[in-house]
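These notes concern the structure reproduced below.
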Amino acid sequence: MTTKGRSAPGTHGGLVAVAICCLLAVFEGFDLQAAGVAAPRLAPDLGLKPEDLGWFFSISTFGLMVGAALGGRLSDRFGRKVTLLVSVAAFGLLSIATGLAQDLNGLLVARFLTGVGLGGALPNLIAIVAESVSPKLRGRAVGFLYAGLPCGGALASLVSLAGADPSDWRIVFFVGGVGPLLAMLLAMVLLPDTPMAQVGPVGDQKSGFVEALAGEGRGLTTLLLWIAFFLALLIMYLLLSWLPSLMIGRGLSRSDAGLIQMAFNLAGAAGSVATGWLMDHRRWRTLTILGAFGASAAAMATAAAAPASLAVFLIVGAALGATVSGVQSVVYGLAPGFYPARLRGTGVGAAVVVGRLGSAAGPLLAATLIGAGGSSNQVLLALMPVIALGGLVSLLLATRPHSED
């Protein structure tokens, strides 16, 4: 495969590419979490029921699945940069459209199409970052990238707290649209060009999904990766979507819930970077996986048992954010290394697609439990077996062979 136009790992251009991708990840994180932080004001303003909120939280993930499948595949054919820029433009414009919606149907359409853009961007961000550094630095580079997502979520919480009127929920989506459009202009100038991958003719079987996902003995690895992504994103997006509402259900105020969400996200950024750094050290990899999943389970159990106090939940929320983001850093950091560069967009994109099934299932699971009369504690405890299974699968993944590039 040709590498003309691609920044060599470790060069100045490679570092610029990582920095630009991290900036774009901040705005992707903002848009991904905008629904959750806007929900406490959006629901009464538009008269939404709990089941309506469940679909509002989840509909964008169905768009994410479409976008990830298309974005990963298109980037392997036409280049990472152009596919990324188109995706960023899409989710920026459609986020603005979400803020203009006047009813549930308008919200659902706008959020679905926003999801298409978000989904197209994410596998390209992962692939560009993974290809811009040497393999021995890949875990921490992806960790920094993933840290941008909770940082964006914290920014969304801050914007949400800025207003007091119920209609102020719309400003969250306006900021979430204008921000990535401005960042896209910066990326057009500074992000190095990446070539289309040399994957053969369109009709060649080896250029298709089968070769990317199952070629060279990758079938079992891909299946395990899909399970890990599904479970990890189920946990993360249940909390991202419902944590403010769960905290309000425990008796805390909306402003308190917003502060807890910010603590969750800021600690999540630190947890992501730390876990990515540890994952780059092969001799620590097994202990890192055990630590990330074990600490996440402990934080979840503590959150279910803790008293409804702002001081306590700021600490518990930070612990949840750090550990759950650490889990995400584990699975996102593992994914790029299993696929050769010429098929990496397709392989990672497929994992993101399956992960989005989990991110759709998480909010719907919480909505079902709450609609059936379940408490906030029961919702949190329902995640314990999910964490345990995810940890087991990730340990198995750590033993699987990696691609040489």
**Residues located in the stretch 31-85, provided they are outside any helix (DSSP H, G or I) and open to solvent by less than 40 Å² (accessible area, probe 1.4 Å)** = LEU48, GLY79
**Message:** Checking SER359 against (1) among the hydroxyl-bearing types (Ser, Thr, Tyr); (2) at pLDDT 90 or above; (3) touching a Leu at 6+ places or on another chain (Cβ under 8 Å), only one condition comes out false. Which one?
**Reply:** (2)
**Message:** When the residues of the stretch 396-405 are narrowed to those that are modelled with pLDDT of 80 or more and more than 12 Å from ILE227 (Cα to Cα), which ends up most open to solvent (accessible area, probe 1.4 Å)?
**Reply:** THR399
**Message:** Residue pairs, Cβ under 8 Å, 6 or more apart or interchain, first in the stretch 12-31 and more than 18 Å from PRO135 (Cα to Cα), second not in a helix (DSSP H, G or I). List them.
**Reply:** ILE20/LEU191
**Item:** Residue that is closer than 15 Å to SER394 by Cα and touching a helix residue (DSSP H, G or I) at 6+ places or on another chain (Cβ under 8 Å), where the choices are VAL330, VAL316
**Value:** VAL330
**Request:** Mind checking which helices (runs of 4 or more DSSP H) fall wholly inside the stretch 330-405 and carry at least 2 residues that are under 20 Å from PRO135 (Cα atoms)?
**Result:** 344-371, 384-398
**Request:** Could you tell me which residue of the stretch 189-205 is modelled with the lowest pLDDT, considering only residues that are surrounded by 13 or more Cβ atoms within 10 Å (Cβ to Cβ) and either charged (D, E, K, R) or not in a loop (DSSP other than H, G, I, E, B) (or both)?
**Result:** ASP193
**Request:** State all residues of the stretch 226-253 that are more than 19 Å from ALA366 (Cα to Cα) and touching a residue at least 24 places away in the same chain (Cβ under 8 Å); if no residue qualifies, say none.
**Result:** TRP226, ILE227, ALA228
**Asked** When the stretch 317-340 is examined, which residues are found to be open to solvent by 10 Å² or more (accessible area, probe 1.4 Å) and under 14 Å from GLY258 (Cα atoms)?
**Response** ALA318
**Prompt:** Does the stretch 213-221 include one or more residues that are in contact with a Phe, Trp or Tyr (Cβ under 9 Å, 6 or more places away or on another chain), surrounded by 16 or more Cβ atoms within 10 Å (Cβ to Cβ) and under 30 Å from VAL37 (Cα atoms)?
**Reply:** no
**Item:** Counted residues, the stretch 295-315 - those being in contact (Cβ under 8 Å) with a residue 40 or more places away in the chain and in a loop (DSSP other than H, G, I, E, B)
**Value:** 1
**Asked** Out of VAL88, VAL109, which single residue is modelled with pLDDT of 90 or more and surrounded by fewer than 23 Cβ atoms within 10 Å (Cβ to Cβ)?
**Response** VAL109
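The values are calculated or read from the model by the stated rules, or taken from the named source; none is laboratory data. All values reported here derive from a predicted model rather than from experimental measurement. Methodologically, a virtual Cβ is constructed for each residue, glycine included, from the backbone with ideal geometry; neighbour enumeration extends over all protein chains shown. Quick note on the areas: whole protein, heavy atoms, side chains included, nothing else; ligands and nucleic acids left out. Shrake-Rupley method; radii C 1.70, N 1.55, O 1.52, S 1.80 Å.
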